[in-house]
Every structure is written in structure tokens, then in C-alpha cells.
1. Let's see if you can work this out: charge +1 on each Lys and Arg Cβ, -1 on each Asp and Glu Cβ, no other charges. What is the dipole magnitude of the stretch 142-248 about its Cα centre, in debye to the nearest 20?
2. How large is ³J(HN,Hα) for each residue in the stretch 208-216, as worked out from phi by the Karplus curve 6.51 cos²θ - 1.76 cosθ + 1.60 (θ = phi - 60°), to whole Hz, x for Gly and Pro?
3. Where the centre of each part is set by its Cα atoms, how far does the stretch 208-248 sit from the stretch 52-116, in angstrom?
4. Give me the dipole magnitude in Debye, nearest 20, for the chain about the Cα centre, with unit charges on the beta carbon: positive for Lys and Arg, negative for Asp and Glu.
5. What aspartates and glutamates sit close enough to K27 to cross-link, taking a C-alpha to C-alpha distance under 14 Å and skipping anything fewer than 8 places away on the same chain?
6. So which lysines pass the test for K25, namely a Cα distance under 21 Å, with those fewer than 8 places away in the same chain ruled out?
7. Take the chain, connect every pair of alpha-carbon atoms lying under 10 Å apart with a spring to form a Gaussian network, then pick out the residue of A196, A13, A169 with the largest mean-square fluctuation.
8. Aspartates and glutamates within cross-link reach of K114: Cα-Cα under 17 Å, excluding same-chain residues under 8 positions apart?
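Values quoted throughout were computed directly from the atomic coordinates according to the rules given, and no laboratory measurement underlies them. What you see is a predicted model, and the numbers here were worked out from it, not measured in a lab. Neighbour counts run over all protein chains shown; Cβ positions are idealised from the backbone, glycine included.
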Amino acid sequence: LPLNIVEGKEEGAKEIASIIADLIKEKEAQGKKTVLGLATGSSPVMVYKELIRMHNEDNLSFKNVVTFNLDEYYPMSSENKNSYVRFMNEQLFDHIDIPKDNIHIPDGSLPINKIEKYCSKYEKKIKDQGGIDIQLLGIGRSGHIGFNEPGSAINSTTRIVKLDPITIADAAKDFGSEKSVPLRAITMGISTILNARKIILTAWGKNKSVILKKMIEEPVTTKVPASFLQLHDEVTIYADEDATTELS
Ligand code: F6R
């Protein structure tokens with residue numbers, strides 16, 4: 001897997017944001033929309049900051065951008081301070097000119113009997129937009145991408161899943177305690193992610209070093225769902241020095 005080792009989040013984020021901005025401008029010139037797959041969590045925050053800067057200072061417009069977020073906790077109301085809806089509004093959408101109708105985030109507030117149908121509609125919406133041009137990813141210490149935890153199948157699509165204990169432990173800092181973290185989430189599948197034309201994964205910091213090694217250097221396995229990215233031919237990883245210390 002192609003790996004860019006950058007000095008830090010800021011430098012990496014600038015490169016990633018300019019790749020995204022160039023594509024938006026290129027497609028706009030052809031009268032086309034750009035479809036972005038977006039992640040939450042700490043990994044993409046600097047990328048969103050840089051995109052907001054480009055919007056404010058360089059006239060970058062998001063009028064022709066359509067977004068699909070990877071995941072949302074379940075159950076989760078959009079007003080909850082830990083919802084990914086809140087996160088995306090605060091970190092990106094409230095600061096750019098994207099039309100509200102172009103934003104898609106899995107709905108964590110639906111009754112359980114509506115989820116299956118909702119998830120197939122989410123998949124259909126992605127297809128109807130022509131598929132995802134660039135998918136941003138972080139990686140969890142469980143090996144997850146999106147919330148595709150160990151055991152996720154290569155052909156999995158958007159669905160409801162159980163969170164791995166490692167993911168719940170890592171989310172405890174946001175929720176105040178482990179027992180306040182939702183046990184489930186709605187997530188795009190491995191197949192949804194692998195269908196994106198280009199994938200950019202970021203890994204920052206020491207606590208990603210062990211899982212980064214497994215993802216890159218060990219055989220593809222459902223035990224490390226991120227290892228499925230080895231099967232995609234347009235993946236770029238951005239990592240800082242601390243995240244690469246375990247690599248051989
Ligand atoms: C978030 C997501 C997750 C995170 C991963 C890393 O939408 O899909 O896979 O990318 O848990 O989280 P951070 O970036 O907070 O270390």
C-alpha cells in the first residue's frame with residue numbers, strides 16, 4: 001500500500017485538502033458534481049480545517065459537492081452532542097457553502113425495524129450519484145475502517161453493526177464512560193468503501209502504529225478489516241512518524 005510519511009497532521013492535511021479541491025474544480029469545469037465519502041473522529045479534522053480555509057480565502061465552493069458519511073452511532077439522535085451529525089456540522093458543513101440536500105449521514109434515530117431498508121437506500125443513493133470519487137478514512141485500533149469491526153466481510157454493505165470492545169473503550173472519552181457509549185452503529189460496508197474510486201487513509205500518532213503495521217504488512221484478513229484496502233489500487237495512506245514506528 002502506498003504510504004506517505006509526513007511530518008504531521010497539518011502538512012498531510014494540506015496535501016489531502018488540495019487533492020480534494022483540485023478534483024472539485026476539475027469536475028466543476030466539466031459540469032459535474034464531486035462525491036466525497038467523509039469520516040469523523042480526530043483523523044480528518046485538520047483536513048476539514050484546511051478545506052474551510054480554502055473556502056474562505058481561495059474561493060473554493062462546495063455547491064457542486066455531494067457527501068456521504070461513513071457512519072453514525074446507533075441509537076443516536078442528531079441533536080446529541082456525540083452525534084456525527086453534530087460533529088460534521090461543527091467541523092465542516094456549518095462553515096462552507098454545501099447545499100443541505102447534498103449531505104448524507106446515516107440516521108441513527110430510526111426505529112430498528114426501519115434500518116435494513118434505510119441502509120439499502122443509502123447504498124442506492126451513493127450509486128445514483130455515480131459512486132464516491134474520494135473516500136476519506138481513519139483507522140481504529142480494532143482495525144476498523146468506518147465501523148467495520150473485525151469479522152466484517154469483504155462484500156459487506158451499509159448495515160447495522162456491533163462495536164468492538166476496543167472501539168467502545170476508545171469512545172469512552174467522548175461519552176464520559178464506557179457504559180454510555182452506544183453498543184451499535186450504522187456503517188458503510190467494506191464493499192461500499194472499496195467501490196470508491198480513490199481512498200485516502202490517515203493515521204496520526206503512536207497509538208495507531210501497531211494496527212497500521214497489521215493493515216499494511218500482514219496478509220489480508222477479516223480480523224483486520226482495514227487490510228482489505230490492500231485489494232484496492234488507488235489507496236494512499238498519510239501517516240506521521242509516530243504512527244510508522246512499528247513498520248519494518
Ligand atoms: C469515523 C470512522 C472511524 C474512525 C476511526 C479513527 O467516522 O469511521 O473509523 O476513522 O475510529 O478515529 P480517530 O480519527 O478519532 O482516531
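1. Here the stretch 142-248 has a charge dipole of around 400 debye.
2. Computed from phi, the couplings for the stretch 208-216 are 9, 5, 5, 6, 4, 4, 4, 5, 8 Hz.
3. So the separation of the two Cα centres works out to 27 Å.
4. Using only the charged Cβ atoms, the result is roughly 880 debye.
5. Partners within reach: D133.
6. Answer for K25, where 21 Å is the Cα cut-off: K14, K33, K49, K63, K100, K198, listed by chain and number.
7. In the Gaussian network model the winner is A169.
8. D71, E72, E123
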